[in-house]
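Some notes on the structure that comes next.
The values are calculated or read from the model by the stated rules, or taken from the named source; none is laboratory data. None of the values given here were measured: they were computed from a predicted structure. Quick reminder, even Gly has a Cβ in these numbers, built from the backbone with ideal geometry, and neighbours come from all protein chains shown. Heads up: the accessible areas ignore ligands, DNA and RNA and are worked out on the full protein's heavy atoms, side chains in. Shrake-Rupley method; radii C 1.70, N 1.55, O 1.52, S 1.80 Å.
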Amino acid sequence: MRRDSRSRVGRALGLGALLTLLPGVAAAGALEVVFNSSDRYGESFTFVADTDDGVYVTVNLSVTNIGPGSRTGICRATVLRPGKPAWAPQTRVGGKEWSYDAATDALKVGTCSAKVTDNGLSVVAPLDGGRVVLEYAKKPEPWSPDGSTIELGKDRYRHEVLVGASPVKVTLQVPKTAEVSLTGGGYVDHSRSTVAPAKLAKRWVRFRALRGTQRAVVLGREGQEGDYGPMYLWEDKGPAQLLESFTLTQTGEKERSVWRAEFTDREGQPTLTLRSRTLLQRSAPVESLGVLSGLVRPMVGSPVTYLHRAVMERAGKAPVEGLMEVTLEGE
């Protein structure tokens, strides 16, 4: 099966304009939640670690009105260990069980928490009899390239990177196993949206090289109308390079899928290619609901995410190993 698309970059509302529309955001701490009463509101912090032993760990702290109830807090973790079953616990809490402390720049969601520390950033997620602790060596330094804010009618989506690349220490205790300490590279981002997830994007492509001497982050979004943005490449130092568009090709299906994403720069010239290698996970949360999927599909769609070990290739430069995510609105 083949999926290709190309068009010009969509024009999106600038970050500066968004800050004037959301009082308090400009002076906010890195982990502050700015709640919105919209039924489509969702705000999420994603903490990623890719360890030297090949273990992939994420912790996600979010607040949303989507689904049953409102002001719902969610803490979920994903732990992918080579040759072992995935561990993906989560918990949902009510509005009184999550909070943000401006004095310490700390976010608490149930028993999970994230906090800016004197030395960096700490995340703790005790879930389902296990525990994940992520300790980032760098403090958040939020940045958002041009196009990182999207306006669809009266609704808006905003994306920002809090930590592009940082050494990270992982303390991991999966249920019924001994606690282990690992090291690797980490990444953190933050998104805030009142756009229904089903309308936000047709597909996303993400690449993160977090270990070794070459650090890089690539983000590409194709909108439902064929527009693009945010679109950029960031390489550890200096500003992000803005990109124009991408084509995405899939061969094989489901767990046998292999992906190639080709990106162009603002002059329309080929600038980089991402090639997937080993599949780490295929995630289709709405698809897995079976007959219940019809209840949530109108709002959240039916996203499917592939996570692969992958490589970034560019003319005249050495290949860069990393993680590639492809998220599609249905298959």
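Looking across the range 172-182, the residues that are part of a strand (DSSP E or B) and in contact (Cβ under 8 Å) with a residue 60 or more places away in the chain come down to 172, 182. Residues that are open to solvent by less than 10 Å² (accessible area, probe 1.4 Å) and modelled with pLDDT of 95 or more occur at least once in the range 142-149. Among the residues of the range 279-297, is any part of a loop (DSSP other than H, G, I, E, B) and at pLDDT 95 or above? There is no residue in the range 279-297 that is part of a loop (DSSP other than H, G, I, E, B) and at pLDDT 95 or above. Across the range 84-120, the qualifying residues are those that are of a type in the set (Ser, Thr, Tyr) and not in a loop (DSSP other than H, G, I, E, B), and the one among them that is farthest from residue 71 (Cα to Cα) is 113. Within the range 213-225, the set of residues being touching a Gly at 6+ places or on another chain (Cβ under 8 Å) and open to solvent by 10 Å² or more (accessible area, probe 1.4 Å) comprises 215, 225. In the set 99, 70, only one residue is surrounded by fewer than 18 Cβ atoms within 10 Å (Cβ to Cβ) and touching a strand residue (DSSP E or B) at 6+ places or on another chain (Cβ under 7 Å); that residue is 99. From the list 154, 169, 138, the one residue that fits, being of a type in the set (Lys, Arg), over 18 Å from the mean Cα position of the chain (by Cα) and surrounded by 18 or more Cβ atoms within 10 Å (Cβ to Cβ), is 169. Of the numbered criteria (1) within 22 Å of residue 51 (Cα to Cα); (2) not in a strand (DSSP E or B), the one residue 169 fails is (2). In the range 83-101, the residues that are farther than 20 Å from residue 44 by Cα reach residues that are open to solvent by less than 30 Å² (accessible area, probe 1.4 Å) with C-beta atoms within less than 6 angstrom, at least six apart or across chains, in these pairs: 86/80; 87/79; 87/174.
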